[in-house]
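Here the structure is laid out as structure tokens; the discussion comes afterwards.
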Amino acid sequence: MPFDFIGGGTIVLLLLALFIILSIFLGVRIVPQSQKFVVERFGRLRAVLGPGINLIVPFIDTVAHKVSILERQLPNQQQDAITSDNVLVQVETSVFYRIMEPEKTVYRIRDVDAAILTTVAGIVRSEIGTMELDEVQSNRARLTQKIGASIADVVDDWGIQVTRAELLDVNLDEATRAAMLQQLNAERARRAAVTEAEGKRRAVELAADGELYAAEQAAKAKRISADAEAYATGVIAEAIARNGLEAAQYQIAIAQVEAMKNVAEGAGKQTIVLPAHMIDAFGDAFKLLKGRG
């Protein structure tokens with residue numbers, strides 16, 4: 001009988017120790033840095049446990065969800081969209097997100113990834129539909145920013161933060177690509193023709209400017225020559241007015257002497273035949289020179 005009593009007490013103690021150990025095991029929760037635990041009590045949200053050691057009520061509170069808060073990347077998605085100028089394009093998107101409030105994520109949405117992909121697809125189609133093809137291709141950064149802002153507004157109710165939403169590529173179907181290539185070649189040909197025409201026009205303008213400059217220089221030379229002749233005539237006229245006919249005869253005689261000097265200096269000229277009036281001219285010149293001396 002005493003043996004049975006001792007044995008029964010020992011069993012009770014063992015059970016009590018086991019209960020205490022199990023309570024400690026169930027009541028203490030160590031949460032990793034990269035996770036958050038969602039705790040429920042009788043099926044209702046009780047608390048969200050952050051990283052570190054946390055205490056809950058054993059047998060009453062239970063960890064219903066262990067949610068990773070690491071950044072996630074959704075699979076790249078390709079989808080069709082139509083621009084405002086009715087061009088069919090195929091765009092490829094990439095989305096990165098983090099779960100910031102697990103209590104919203106686990107109770108408001110069933111499949112987070114599918115919900116985000118569907119939301120992104122709708123926003124991308126909507127944004128591209130307001131832009132022309134040239135704007136989509138040239139303003140990809142602005143389009144990416146608008147898509148990211150629109151997604152952030154939608155997923156905020158799910159406790160999610162979209163860290164990056166990128167528009168990776170914009171592709172065209174073969175028919176549209178061929179038409180655009182033809183248009184590009186036509187535009188290049190037009191620019192080449194315009195450049196050639198402008199070059200020819202510029203060449204004509206430069207040639208005209210050259211001819212005008214040459215004419216101006218010729219006119220200027222004629223004007224200078226005329227001014228020189230007028231000046232020489234004025235000097236001679238002034239000399240005649242001061243010295244009378246003798247000065248004029250003196251200038252003529254000097255000119256004749258110079259002319260005969262040039263003829264005499266020519267190669268192969270051994271004999272010079274002078275007209276009678278030329279001899280008289282030399283005489284007049286010598287007389288005038290003598291008189292001036």
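Each reported figure results from applying straightforward, stated rules to the coordinates on display, with no laboratory input. On a predicted model such as this, the values are computed, not experimentally measured, just so you know. Virtual Cβ from ideal backbone geometry, glycine too; neighbours counted across all protein chains shown.
Side notes on the structure shown:
- Spin-label zone in the stretch 73-92 - amide nitrogen under 17 Å from a point set 7 Å from the Cα of R125 along the C-beta vector: 77-92
- Estimated FRET transfer efficiency (L26, R110; beta-carbon r; R0 22 Å; 0.05): 0.20
- Label-zone membership for the stretch 77-94, site L184, 7 angstrom Cα→C-beta point, backbone N under 18 Å: 87-91
- Lys/Arg +1, Asp/Glu -1 at C-beta; the stretch 72-172 dipole; positive extreme among V136, Q77, V154: V154
- When each of L212, L167 is scored by the number of other beta-carbon atoms lying within 10 Å, the sequence from fewest to most is L212, L167.
- Residues of type aspartates and glutamates that K36 reaches as a straight line, Cα spacing below 14 Å, ignoring anything fewer than 8 places off in the same chain: E71, E101, E103
- For a label point 7 Å along the Cα-to-beta-carbon line of L168, residues of the stretch 52-78 with backbone N under 17 Å: 72-78
- Loop-located GluC sites (Glu not before Pro) in the stretch 74-169 (DSSP state not H, G, I, E or B) with no more than 15 neighbouring Cβ atoms inside 10 Å: E132.
- Entry note, the stretch 1-135: relative contact order of 19 percent, from Cα contacts under 8 Å with a spacing of 6+ residues.
- Backbone amide hydrogens, once placed in the peptide plane, bring N54 within less than 5 Å of R29, I30, V31, excluding anything fewer than 5 places away on its chain.
- Panel order for I21, I82, by other beta carbons found within 10 Å of each beta carbon, from fewest to most: I21, I82.
- The separation of the stretch 131-166 from the stretch 25-51, counted between C-alpha centres, amounts to 34 Å.
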